[in-house]
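Note sheet for the following structure.
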Amino acid sequence: MTTSTDKTPPRENDPSPESVATQAREEAEETFDTSKTFADLGLPDDVLKGITESGFVHPTKIQASLIPAALAGRHVLGQAKTGTGKTAAFGLPLLAAIEPGDHFASLILVPTRELAIQVAQEIKDLGAGTPLHVLPVYGGQRITAQAPKLERGPEIVVGTPGRVMDLHERRMLPYDTVRVAVLDEVDRMLDIGFRDDIRKILGGMKQRPQTIFVSATISPEIEKLARSYMRDPVKIVSKEKSLTVARVKQSWINVERWDKRKMLHHLLVHETPELTVVFCRTKRTVDDVTKFLNRKDIAAHAIHGDLIQSQRNKVMERLRGGKLSVLVASDLAARGLDVDGISHVINYDLPEDPEVYVHRIGRTARAGRKGVAWSLVSPDQGDLLTNCEMLANIEIPQQVYEDFVPGTVPADVRAEKELAEKRVQAREASMKRTEAPPVKADDTAAFPGGIVPTKMPARRMQGKVRTRRR
DNA sequence: AAAAAAG
């Protein structure tokens, strides 16, 4: 049995056709600009053909504002939540602006290999009506396999930073021909490790190409980066109240650390989701959880950055082909991946970075569908949950599973608790022995808040605070 | 603190 402690009545009790239709319309209005069609945006006929063949009529809001600006040759810094068609927003103007034979006219940088494959495929599909070539380049595949494809001089290259730099150094990928440079998932690209690569690649383009940066969130650091590479940029910001779409039903479940696997198993068995992605914080946990589920006869597959690339590609193919029901993933899969039919996202651990939460749950409820996002939160992880709620600007309700039977407390945890209790008792006993000196009336008067000045030096206090946070 | 990306 499932009970929700949400104060508002559950949506399931209100499935009248009118309300469903209203909700659908509101959500469409939230994402799409129904007052416009792609034909209004100034795209050429051969590009429009690819769009109509893909079944699109109205652009999303980010597309409606980004496409005309990019077509006009402007530098664009665009923000929109996940799943609102950002790839097409920068891909369509590229397809429109680039002539066949314009070798290496555009370079698109993405943070993961899987995204390189996906973004390249999406632009290929959109450009089906044009003779342009799109090539993904990324690490983990042999350079010798890529060389002949690069020699043919594709107009658009989509790549991960490491391999792009490698190919450039081998003189197989020029920078000086690039007229439009795109940074996808900029917030992720500015992480330590990527930042310098990005600077090297963009800085290597002495001709100062038109730049398009897209990101789910725009931080001051992103603005700074944009200012240093862009001339007179257009900033496109979505005015949404929340960073997450309403179609995802989010909730959190209170569960002790040692009960998380059991709870995960309980959810997968009792709620029978169609296609689930389980996100874990470490590669090790991904492997452990996958093995655990396999032992319980659940056909779960793992994906993380330590698997060989062919294995990663194989798992992604299975996922896209609908031949997989549970994917256990590291944050490798958190961003951008657009796979149809992911009905559930489970956060086995909440991420330290709340932006990652927004990206993770954005894997579900794509293309106008609904989705469910559960987060397993142990009592000591409450602050992580609060961080996510604050960033996404939503209140996540708690879900209680009354028929879930918690496991026994592991021996080491029990021992630790007992030890902590003993320490407290010992401290109380010593406090009684050394009576605190009475506080003088003058001292308290200087601190109306009732705080008694401490004898501890300020520097030591800082140190203490710091150690407590870690 | 971890994960990703060049081998």
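Straight distance only, please: which lysines reach the Cα of A:LYS260 with their own Cα at less than 27 Å, same-chain residues fewer than 8 apart left out?
Cα-Cα hits under 27 Å: A:LYS7, A:LYS249, A:LYS283, A:LYS291, A:LYS296, A:LYS323, A:LYS370, A:LYS417.
If you fit an axis through the alpha-carbon atoms of helix A:411-433 and take the longest principal axis of the Cα set of chain A, what angle between them do you get, 0 to 90°, nearest 10?
Orientation of helix A:411-433: about 50 degrees from the principal axis.
Based solely on C-alpha atoms, express the radius of gyration and the Dmax of the stretch A:115-231 in angstrom.
Here Rg and the maximum Cα pair distance are 14.3, 41 Å.
Could you work out the Rg to Rh ratio of the stretch A:243-401, with Rh taken as the Kirkwood radius (inverse of the mean 1/r over all Cα pairs)? Numbers along the way, then the final one.
On the way: Rg = 14.4 Å, Rh = 15.5 Å.
Looking at the stretch A:243-401, the ratio lands at 0.93.
Could you tell me the relative contact order of chain A? Use alpha-carbon pairs under 8 Å, at least six residues apart, and round to a whole percent. Write out the running numbers ahead of the final one.
Details: 736 pairs, mean separation 74.0, N = 470.
Computed over chain A, the figure is 16 percent.
Could you give me the percent of Cα pairs per 10 Å distance bin for the stretch A:30-100, shortest bin first, beginning at zero and ending with the bin that holds the maximum distance?
So the P(r) values, bin by bin, are 21, 59, 20, 1.
Give the share of C-alpha pairs in each 5 angstrom bin for the stretch A:356-437, from 0 to the last occupied bin, in whole percents, shortest bins first.
3, 9, 12, 14, 12, 11, 11, 9, 7, 5, 3, 2, 1, 0
Going out from 0 in 5 Å bins, what whole percent of all Cα-Cα distances in the stretch A:175-291 drops into each bin?
Whole-percent P(r) values from 0 Å outward: 2, 8, 14, 15, 12, 10, 11, 11, 8, 6, 3, 0.
Starting from 0.36 nm per residue, how many nanometres of slack lie between A:LYS235 and A:THR386 once their C-alpha separation is accounted for?
This chain segment gains 51.4 nm when fully extended.
As a check on your grasp of the helix formula, calculate [θ] at 222 nm for chain A: sum -39500 (n - 2.57) over DSSP H runs of n ≥ 4, divide by the residue count, round to the nearest 500. Each step should come with its number before you reach the end.
Details: 18 runs with 198 residues, N = 470.
Rounded to the nearest 500, the figure is -13000 deg cm²/dmol.
Taking the Cα atoms only, what angle lies between the long axis of helix A:382-392 and the longest principal axis of chain A, rounded to 10 degrees?
30 degrees
Quick check: residue separation of A:ARG295 and A:GLU317 times 0.36 nm, minus the Cα distance between them. What number comes out in nm?
Length gained, A:ARG295 through A:GLU317: 5.6 nm.
On a 0 to 90 degree scale, rounded to 10, what angle separates helix A:61-71 from the longest Cα axis of chain A?
So the helix axis and the longest Cα principal axis differ by about 40 degrees.
How high is the relative contact order of the stretch A:110-233? Use alpha-carbon pairs under 8 Å, at least six apart in sequence, and give a whole percent.
23 percent
For the stretch A:295-346 and the stretch A:55-93, what is the separation of their Cα centres, given in Å?
28 Å
Calculate log10 I(q)/I(0) of chain A for q = 0.05 Å⁻¹, where I(q) comes from the Debye formula with a single equal point scatterer on each Cα and nothing for solvent.
-0.24
Take the Cβ-Cβ distance between A:GLU274 and A:GLN309 as r, set R0 to 41 Å, and report the resulting FRET efficiency rounded to the nearest 0.05.
The formula returns an efficiency of 0.90 here.
Rounded to the nearest whole Å³, what is the per residue volume of the convex hull around the Cα atoms of the stretch A:23-236?
119 Å³
Calculate, in nm to one decimal, what A:GLN398 and A:ARG199 gain on full extension: separation in residues at 0.36 nm each, minus their alpha carbon distance.
That works out to 67.3 nm of additional length.
From a point 7 Å beyond the Cα of A:ARG170 in the direction of its Cβ, which residues of the stretch A:126-150 have a backbone N at a distance under 17 Å?
Answer for the stretch A:126-150: A:135-150.
Suppose each label sits 7 Å from its Cα in the direction of the beta carbon; what would the A:ALA72-A:SER228 distance come out to in nanometres?
Each label point lies 7 Å from its Cα, and together they span 2.8 nm.
Quick note: the coordinates plus some simple rules give every number you see, no bench work behind them. Keep in mind it's a predicted model, so treat the numbers as computed, not measured. Note that each Cβ is placed from the backbone with ideal geometry, even for glycine, and that neighbours are counted across all protein chains shown.
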